[in-house]
Amino acid sequence: MKRVVFNQKGGVGKSTISTNLAAESARNGLRTLLVDLDAQGNSTHYCGIDINDDGVTVADMFKQVVGWFSKPQPPSAFVRPTAFDNLYVLPAHPSLTELERELETRYKMFKLKETLQALEEDFDRVYIDTPPNFNFYSKAALIAADSFVIPFDCDDFSVQAIDRLLDNVLELRSDHNPELQLEGIIINQFNPQAKLPATLIDLLKEKSLPVMESKINSTVKVKESHSKRVPLPFYAPSHKVSQQLAALWKELEDVD
Ligand SMILES: Nc1ncnc2c1ncn2[C@@H]1O[C@H](COP(=O)(O)OP(=O)(O)OP(=O)(O)O)[C@@H](O)[C@H]1O
Ligand SMILES: [Mg+2]
């Protein structure tokens, strides 16, 4: 199962949610690959890997695709282990930004799908973190994935952003990946006491959009775990928000 976490709106929790769902998946004994397609490299960093070190990254995988890499390597050569059992990363790199035009010009949007297909035997689950744009990388992710989830930050502008997002994704789906499923909208930075989030969630439901039952509250523990570079399920397994993440993971996996 390959899931992409996407919302073209910035700062809604894509990296936080993709990393922590991948970590929860790994904690449950599934061999899990986190693919970081955002040149910012926040998920990579969160997992304890430096995006500026000398190690291999997803950018090298793409460079190979456009022939900038002299000695061809199998896709597994670009995957790196983390300090956490069962959690592996295909790390981001700042050069993804300059590579984008080249990849786009050469119509390489299907290469990620091929790469992940070649890794299918090695991993039980794949989570893909995307940049806050409907660009080459997020399109490649949506083509490569079986399903997508949309983090939603309970902001008024986010509702309009979701309409635009769905228009874009539905068009891409009908052109390139008819099997792609919208699994659900993930309510992040939820404040159960405030009125606005409840109103916005109702609005999403009125549009017949699937809203995940398990919501993720706002907590400083998230930022703390970012700065320690230890995903929340490993950093504070008994914290309420780790339990919410675990519930969300179970809901997505459809297990009790
Ligand atoms: N549940 C949460 N509680 C507290 N802070 C959170 C939570 N989720 C995300 N944040 C914070 O919100 C900010 C944005 O989160 P994150 O980087 O995951 O979003 P993003 O959608 O990946 O952003 P970008 O669009 O820049 O890639 C970060 O500072 C993060 O620590
Ligand atoms: Mg991010």
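The values are calculated or read from the model by the stated rules, or taken from the named source; none is laboratory data. This one's a predicted model, so the numbers in the text were calculated from it and none came from an experiment. Because the Cβ atoms are built from the backbone with ideal geometry, glycine has one as well, and the counts that use them run over all protein chains shown. Only protein heavy atoms, including side chains, enter the accessible area calculation; ligands, DNA and RNA are left aside. Shrake-Rupley method; radii C 1.70, N 1.55, O 1.52, S 1.80 Å.
Whenever a residue of segment 65-91 is within 30 Å of Val230 (Cα to Cα), its partners that are among the basic types (Lys, Arg) and surrounded by 12 or more Cβ atoms within 10 Å (Cβ to Cβ), lying with C-beta atoms within less than 7 angstrom and at least six residues away or across chains, give the pairs Asn86/Arg31; Tyr88/Arg80; Val89/Arg80; Pro91/Arg80.
Name the single residue, out of those in segment 157-188 being open to solvent by 90 Å² or more (accessible area, probe 1.4 Å) and more than 15 Å from Ala144 (Cβ to Cβ), that is farthest from ligand 1 (Cβ to nearest atom). It would help to see each step written out before you state the result.
Within segment 157-188, the first condition is being open to solvent by 90 Å² or more (accessible area, probe 1.4 Å), and the residues that meet it are 157, 160, 164, 167, 171, 175, 178-179, 181.
After this cut, where a residue has to be more than 15 Å from Ala144 (Cβ to Cβ) as well, the list is 157, 160, 164, 167, 171.
Working: Phe157: 14, Gln160: 17, Arg164: 15, Asp167: 19, Glu171: 22 Å.
Across segment 157-188, the extreme among qualifying residues is Glu171.
Yes or no: segment 129-139 includes at least one residue that is touching a helix residue (DSSP H, G or I) at 6+ places or on another chain (Cβ under 7 Å), within 16 Å of ligand 2 (Cβ to nearest atom) and among the acidic types (Asp, Glu). Looking for residues that are touching a helix residue (DSSP H, G or I) at 6+ places or on another chain (Cβ under 7 Å), within 16 Å of ligand 2 (Cβ to nearest atom) and among the acidic types (Asp, Glu), one finds at least one in segment 129-139, hence yes.
Only a single item in (1) surrounded by fewer than 17 Cβ atoms within 10 Å (Cβ to Cβ); (2) part of a helix (DSSP H, G or I); (3) touching a residue at least 60 places away in the same chain (Cβ under 8 Å) is not met by Ser138, and it is number (1).
Out of the strands (runs of 3 or more DSSP E) lying entirely within segment 1-95, which hold 1 or more residues that are open to solvent by 50 Å² or more (accessible area, probe 1.4 Å) and of a type outside the set (S, T, N, Q)? Walk me through how you get there before you give the answer.
On the way: elements: 2-5, 32-36, 87-90.
Filter on segment 1-95 gives 87-90.
Candidates Val220, Val241, Val211, Val230: the one that is open to solvent by 70 Å² or more (accessible area, probe 1.4 Å) and on the phi < 0 side of the Ramachandran plot is Val220.
Count of segment 110-131 residues, restricted to those that are in a loop (DSSP other than H, G, I, E, B), open to solvent by less than 40 Å² (accessible area, probe 1.4 Å) and either over 20 Å from Pro81 (Cα atoms) or polar (S, T, N, Q) (or both), is 2.
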